[in-house]
1. Do we have Thr22 as of a type in the set (Val, Ile, Thr) and either surrounded by fewer than 10 Cβ atoms within 10 Å (Cβ to Cβ) or touching a Phe, Trp or Tyr at 6+ places or on another chain (Cβ under 7 Å) (or both) here?
2. Which helices (runs of 4 or more DSSP H) sit wholly inside the stretch 1-86 and have at least 1 residues that are out of contact with any Asp or Glu (no Cβ under 9 Å at 6 or more places or on another chain) and in contact (Cβ under 8 Å) with a residue 12 or more places away in the chain?
3. Does any residue of the stretch 12-35 turn out to be in contact with a Leu (Cβ under 8 Å, 6 or more places away or on another chain), at pLDDT 80 or above and of a type outside the set (Asp, Glu)?
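The values are calculated or read from the model by the stated rules, or taken from the named source; none is laboratory data. The shown structure was predicted, so the numbers you read here are calculated from the model rather than taken from an experiment. Cβ atoms come from the backbone with ideal geometry, glycine included; neighbour counts cover every protein chain shown.
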Amino acid sequence: MKPTTPLYAVSKDDLINIVRETIREELANIYNDDIITRNEAADILDISLPTLNQWVKGGLIPAYKIGKCVRFKRHEIHQSLKPVDNA
């Protein structure tokens, strides 16, 4: 027996609003640029602060200065992770 999906009558304007809201929510998730501290970045990567500093100086992870404070974008920390090539 195939699963069924109920269909509801929706006006064109309601459907447009539903699609817009869904797209808006998804884009907010994609572009969520949480700014995090050095300690938070090191915790995410499970590394020490000296190692984090070396990775920043080596260009492995982008960092940003705000006054004298160094900050990171959470999604860039995750993007810096590369898959291991087992070949």
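1. Here the answer is no, as Thr22 does not meet what is asked.
2. Of the helices (runs of 4 or more DSSP H) lying wholly inside the stretch 1-86, those with at least 1 residues that are out of contact with any Asp or Glu (no Cβ under 9 Å at 6 or more places or on another chain) and in contact (Cβ under 8 Å) with a residue 12 or more places away in the chain span 38-45, 49-57, 74-79.
3. No, that holds for no residue.
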